[in-house]
């Protein structure tokens, strides 16, 4: 073993321990960084061949690795746009230059344009709700910046609904003089003679968000047979709030509910819905398939119609699948965006970049894109953040070990240097 070789080996040892100390320093500095993944340095020896009984000292290589696949602890926050992934997926983000990266840092805030941007300045990516719910699994095509706000008022026209009612089987059939459906074929003087069995009303909305009240009349015309007729409440008599209406029934065709006399449920041959044109040009279809006929007083157990009046956004909610929905002041919701998650076969081989993010690499494997809750992607938790996976106590222990190793290598270097001085002094 030559003294020069001894000095080179000791130098490589000090450099290797310096790399480990640098890694430890980074880990401790980022122990409170959201979604940070700790690094570690391992060592590999480089052996040189020894000949003629002379030992040739080698060196040590420092190999850096990252615990990217290791889950950090989740902590609660008060911000709905703080997001944490419980599982193996990554948020897909882009920088100001448009380059795509992956990250676990979900500390997103709404910027001046309404986009979700994390603490490192990366913009969250996803699909607009108008682009459907299917992900392009093998790439980032179609992704757009995710926004968590929507300005202005929102009104939705009604198109469908359901009315669950029970019709009293004990009621007497109405045959004369006029049923609500007959009014369209009779002179206005007969409307005071209209007979029906039961009635109820539902509220729908036109395309401008105006409320349109529909009055529904149920008339038993024969055993196990009922006629359903709809009127626009705006046409009702001001005094009675009912008949006489200024115009006739508004359903597009006669609707007859026919019941099985033994089960009290609709017969397969029965009509099961009523289509009602309303102002604004749209038609509302009410599902009546669950209507029953039992020997019990008339009653509506539930009625629900889509659509809503104009309303402002009161809050934004983010579900575990990554779906971002606007919650309006009137209680209705509207889907805005769908956050996507990405995964690779070997996440520990992703390449770290500044900003607590990762770029793709061949060693990491092919990227796959999906949604929260899908297989192996994990779930997205709102009001939570993922902490660093660094254990400070372990880092301090490793620091002491590296310090001792560095000192020992420096002593070996000093010894070789002293011996070199002895050789130089022999000539003197």
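Can you name every residue in segment 225-280 that is assigned to a helix (DSSP H, G or I) and touching a helix residue (DSSP H, G or I) at 6+ places or on another chain (Cβ under 7 Å)?
Within segment 225-280, none qualify.
Looking only at segment 293-312, count how many residues are more than 30 Å from residue 166 (Cα to Cα) and outside any strand (DSSP E or B). Lay out the reasoning, then the answer.
To start, the set of residues in segment 293-312 that are more than 30 Å from residue 166 (Cα to Cα) comprises 310-312.
Those left that are additionally outside any strand (DSSP E or B): 312.
Qualifying residue count, segment 293-312: 1.
Residue-by-condition table, conditions (1) outside the structural domain of residue 216 (by TED's automatic domain parsing); (2) out of contact with any strand residue (DSSP E or B) (no Cβ under 6 Å at 6 or more places or on another chain); (3) surrounded by 17 or more Cβ atoms within 10 Å (Cβ to Cβ):
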{"site": "240", "(1), (2), (3)": "no, yes, no"}
{"site": "245", "(1), (2), (3)": "no, no, yes"}
{"site": "251", "(1), (2), (3)": "no, no, yes"}
{"site": "254", "(1), (2), (3)": "no, yes, no"}
{"site": "257", "(1), (2), (3)": "no, no, yes"}
{"site": "263", "(1), (2), (3)": "no, yes, no"}
{"site": "267", "(1), (2), (3)": "no, no, no"}
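Here is a list of conditions, (1) within 21 Å of residue 194 (Cβ to Cβ); (2) modelled with pLDDT of 95 or more, and residue 245 meets all of them except one; can you say which number that is?
With respect to (1) within 21 Å of residue 194 (Cβ to Cβ); (2) modelled with pLDDT of 95 or more, residue 245 is out only on (2).
If you scan segment 72-110, which residues turn out to be surrounded by 15 or more Cβ atoms within 10 Å (Cβ to Cβ) and either in a loop (DSSP other than H, G, I, E, B) or more than 22 Å from the chain's Cα centre (by Cα) (or both)?
72, 77, 80, 81, 87, 88, 89, 95, 104, 105, 106, 108
Do the conditions hold for residue 208, that is, is it touching a strand residue (DSSP E or B) at 6+ places or on another chain (Cβ under 9 Å), assigned by TED's automatic domain parsing to the domain that holds residue 177 and part of a strand (DSSP E or B)? Break it down stepwise before answering.
Numbers: touching a strand residue (DSSP E or B) at 6+ places or on another chain (Cβ under 9 Å): yes; assigned by TED's automatic domain parsing to the domain that holds residue 177: yes; part of a strand (DSSP E or B): no.
No; evaluated as a whole, the condition is false for this residue.
Give me the residue from segment 380-389 that is touching a strand residue (DSSP E or B) at 6+ places or on another chain (Cβ under 9 Å) and part of a loop (DSSP other than H, G, I, E, B) and, out of that set, surrounded by the most Cβ atoms within 10 Å (Cβ to Cβ).
387
Which one of these is more than 30 Å from residue 337 (Cα to Cα) and touching a residue at least 24 places away in the same chain (Cβ under 8 Å): 359, 382, 388, 405?
From the options 359, 382, 388, 405, the qualifying one is 405.
The values are calculated or read from the model by the stated rules, or taken from the named source; none is laboratory data. Every value quoted in this text rests on a predicted model; they were computed, and no experiment measured them. Note: ideal-geometry Cβ built from the backbone for every residue, glycine included; neighbour counts use all protein chains shown.
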